Amino acid sequence: MPALILLVIFSILPILVAFVISFTDMNLISLGDFSALNFVGLDNYIAVLKDPLFLKSVSNTVVYVVIGVPLVIACSLGTALLINFSQAKIFVAFRLIFYTPSITNVIAVAVIWSYLYNPQFGFFNYLLSFLHIPPIQWLQDPAIAKYSLIILAVWKAIGINMIIFLAALQGIPREYYEASELDGASRWQQLYKITIPLLKFALFFVTVTTLIGWLQFFEEPFIMTEGGPLNSTMSISLYIYNNGFKFSNFGFASAASFILFITIVVITLIQFRGQAKKDN
């Protein structure tokens with residue numbers, strides 16, 4: 001009962017309140033005087049879907065998801081495999097090394113990466129100078145900025161998924177690998193015939209949670225670029241934040257947040273349906 005009460009107060013109730021607000025024109029004035037609050041029906045939803053900036057944020061978020069999600073899964077799985085199957089003791093320390101970015105304060109991460117991406121004195125451009133490549137405007141070029149944020153976000157997200165994969169890998173019985181070795185199976189055959197199939201539930205969990213996280217991509221563009229340059233890094237979550245907290249257009253922002261919420265629910269249900277069909 002205490003857990004249920006907390007869930008209702010801090011999760012379900014705010015969702016219901018935000019849903020109601022999405023059908024109103026609530027702003028700072030109506031927040032202080034409810035008599036100025038008006039019911040506008042679906043106008044907020046229609047305005048959001050017609051807003052070019054929202055459509056731009058959707059296209060940017062699609063790029064983040066399409067590139068970022070596979071990269072995070074591949075890098076975290078590859079790292080977990082190397083750490084789990086390597087015999088070198090140094091790989092034990094690598095668990096902490098790769099996990100540390102995921103628990104590091106995002107502000108500290110942003111400060112460090114801002115120096116790395118600095119077009120004049122940054123470390124990345126310093127390395128490129130040895131290859132006689134001109135300096136790259138990592139966060140200033142609209143065509144490059146979103147990919148720079150993806151690199152940062154992938155680096156930061158590897159650790160937590162690596163731990164999940166490590167736990168799943170260590171749960172695979174060693175007898176399977178010993179039996180396959182007696183049958184003459186190579187390491188690659190063991191990977192494709194034993195390891196990957198037995199990781200399907202971990203892969204499914206990581207895919208769902210990673211996809212949800214990238215659909216709500218917010219911290220990196222908010223801190224590093226504020227959606228610029230020319231809105232090239234604007235995500236849906238940052239678009240919602242700007243309308244809600246910068247422009248105090250709470251009804252409009254609530255409508256946008258519920259469009260994102262419904263999108264996440266639909267995509268997640270599709271993933272669960274697809275996993276259920278595979279299991280059957």
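Among the residues making up the range 127-147, a single one is open to solvent by 50 Å² or more (accessible area, probe 1.4 Å), of a type in the set (Phe, Trp, Tyr) and under 28 Å from the mean Cα position of the chain (by Cα): TYR147.
Per-residue answers, yes or no, for (1) within 30 Å of ALA143 (Cα to Cα); (2) at pLDDT 95 or above; (3) surrounded by fewer than 16 Cβ atoms within 10 Å (Cβ to Cβ); (4) touching a His at 6+ places or on another chain (Cβ under 6 Å):
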| position | (1), (2), (3), (4) |
| --- | --- |
| PHE34 | no, no, yes, no |
| LEU81 | no, no, no, no |
| ILE90 | no, no, yes, no |
| THR104 | yes, no, yes, no |
| ILE107 | yes, no, yes, no |
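Counting only helices (runs of 4 or more DSSP H) that sit wholly inside the range 162-233, those with at least 3 residues that are surrounded by 15 or more Cβ atoms within 10 Å (Cβ to Cβ) and under 16 Å from the mean Cα position of the chain (by Cα) are 200-215.
Listed by first and then second residue, the pairs with beta-carbon distance under 7 Å, at least 6 apart or on different chains, first residue in the range 195-215 and within 20 Å of ILE236 (Cα to Cα), second at pLDDT 95 or above and open to solvent by 60 Å² or more (accessible area, probe 1.4 Å), form an empty list.
Of the helices (runs of 4 or more DSSP H) lying entirely inside the range 12-93, those containing at least 1 residues that are small (Gly, Ala, Ser) and farther than 30 Å from LEU230 by Cα are 28-32, 52-85.
Going by what's in this entry, would ILE97 be described as in a helix (DSSP H, G or I) and buried (at least 19 other Cβ atoms within 10 Å of the Cβ)?
Values: in a helix (DSSP H, G or I): yes; buried (at least 19 other Cβ atoms within 10 Å of the Cβ): no.
Here the answer is no, as ILE97 does not meet what is asked.
Here the condition is being within 30 Å of MET162 (Cβ to Cβ), without any contact (Cβ under 8 Å) to a residue 12 or more places away in the chain and in contact with a helix residue (DSSP H, G or I) (Cβ under 9 Å, 6 or more places away or on another chain); of SER30, SER76, SER86, SER57, it holds for SER86 alone. Cβ-Cβ distances below 7 Å connect the following pairs, each with a first residue in the range 117-131 that is outside any helix (DSSP H, G or I), a second residue that is open to solvent by 100 Å² or more (accessible area, probe 1.4 Å) and aromatic (Phe, Trp, Tyr), and a separation of six or more residues or different chains: GLY122/TYR115. Selection of the range 1-27 for residues being open to solvent by 70 Å² or more (accessible area, probe 1.4 Å) and in contact with a helix residue (DSSP H, G or I) (Cβ under 7 Å, 6 or more places away or on another chain) yields only PHE19.
The values are calculated or read from the model by the stated rules, or taken from the named source; none is laboratory data. Everything numeric here is computed off the predicted structure, so don't read it as measured data. In this analysis, Cβ positions are derived from the backbone assuming ideal geometry, glycine residues included, and neighbour counts consider all displayed protein chains. Ligands, DNA and RNA are stripped out before the accessible areas are found, and what is left, the full protein with its side chains, is counted by its heavy atoms. Shrake-Rupley method; radii C 1.70, N 1.55, O 1.52, S 1.80 Å.
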